[in-house]
Amino acid sequence: IMDGNGRWGLKKKRSRNYGHLQGLKAVEIVIKSSIKKRIPFLTLYTFSTENWNRPEEEVTGILEILQYALRVQTEALHENNVRIVHIGKQDRLSTQLQEEVAHAERLTQGNNGITLNVAFDYGGRDEILAAVRKIIRDGVPEEQVDEALFRSYLFTGHSPDPDLIIRTGGEMRISNFLLWQSAYSEYYHTTTLWPDLESDELEQVLKAYSTRQRRFGRVEPED
C-alpha cells in the first residue's frame, strides 16, 4: 500500500503530485528487489476507487503519472520477464490510458517471472460485488459456490493470496485493499513515506516477515 506520496511532496514544499511522481523511484526499487528475491507476485496499490474523491488537479496528475509510467517502463519490465496485470475497473479511465494498459498486458502476457498486479481504480468491496454479480450472471448453482470458485471470479484470480501486506506512511488501516485475499496475510506498517522507501528497509521488512509463525487459525501441539 503505497501511502505518503502527497505528504512527502508537501513536506518538500512542493505539490502533492510532485510527491506522486517521485514515488515512481520507490516503485522501481520494490520491483527490482522483488525480482532479485524471486518473489513471484507483487501487487502495488496505486489508486483506489475512493481516490476519485480527491481534488481534480491531484486525480488528473495521478492519471498522467500512471500513463507516463506505463509508457516509459513497460519495455524494461518486459525485458526483465515481468508480467503486468491491471486489477480494478477501467471504465472511468481515458481511452488513451486504457490503450496503454492493454498494450502493457499484451506485451508481457507470456512472461513467467514476477507477476506485477497494478491495482488502479481498485477497491476490495467493489471487487467482491463484481464477483458476486458475475457469478449470478453466469448462473452458477448455489451448491457449486465455494471459496475456490469465488476466488476465481476475483480480479486476482490468477494470483495466490498475499503472504505479506506492507503499508508505508504510518497509517494503521487496510484501506479497502484485497479484503477477501488478505484474510490471513501478515501485516507490516512503517512510518516511512513511500518516496523515501529504500531497498535496505525493504530487506528489513522481509527479514521481520521470515521470523513470523503463520498458523492460519491453528495452534501448535504442546510438547
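The values are calculated or read from the model by the stated rules, or taken from the named source; none is laboratory data. This one's a predicted model, so the numbers in the text were calculated from it and none came from an experiment. With ideal geometry, Cβ positions are generated from the backbone for all residues, glycine too; neighbour counts draw on all protein chains shown. Heads up: the accessible areas ignore ligands, DNA and RNA and are worked out on the full protein's heavy atoms, side chains in. Shrake-Rupley method; radii C 1.70, N 1.55, O 1.52, S 1.80 Å.
Here are the numbers for this structure:
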quantity: Residue among R218, R106 that is basic (K, R), open to solvent by 30 Å² or more (accessible area, probe 1.4 Å) and part of a loop (DSSP other than H, G, I, E, B); calculated: R218
quantity: Residue pairs meeting the criteria (Cβ under 8 Å; at least 6 apart or on separate chains; first closer than 15 Å to S152 by Cβ, in region 125-139; second assigned to a helix (DSSP H, G or I)); calculated: A131/F150; I135/L149; I135/F150
quantity: Residue match in region 196-211 (condition: on the phi > 0 side of the Ramachandran plot and outside any helix (DSSP H, G or I)); calculated: no
quantity: Any hit, region 156-173, residues being open to solvent by less than 30 Å² (accessible area, probe 1.4 Å), assigned to a strand (DSSP E or B) and either touching a Phe, Trp or Tyr at 6+ places or on another chain (Cβ under 6 Å) or over 21 Å from V30 (Cβ atoms) (or both); calculated: yes
quantity: Positions within region 180-195 being open to solvent by less than 70 Å² (accessible area, probe 1.4 Å), part of a loop (DSSP other than H, G, I, E, B) and not polar (S, T, N, Q), in sequence order; calculated: L193
quantity: Filtered residues of region 117-135 (kept if aliphatic (A, V, I, L, M) and open to solvent by less than 10 Å² (accessible area, probe 1.4 Å)); calculated: A119, A131
quantity: Residue that is most open to solvent (accessible area, probe 1.4 Å), among those in region 38-74 that are of a type in the set (K, R) and within 20 Å of T108 (Cα to Cα); calculated: R38
quantity: Residue list for region 75-97, filter: open to solvent by less than 100 Å² (accessible area, probe 1.4 Å) and either acidic (D, E) or more than 25 Å from L154 (Cβ to Cβ) (or both); calculated: E75, A76, H78, N80, S94, T95
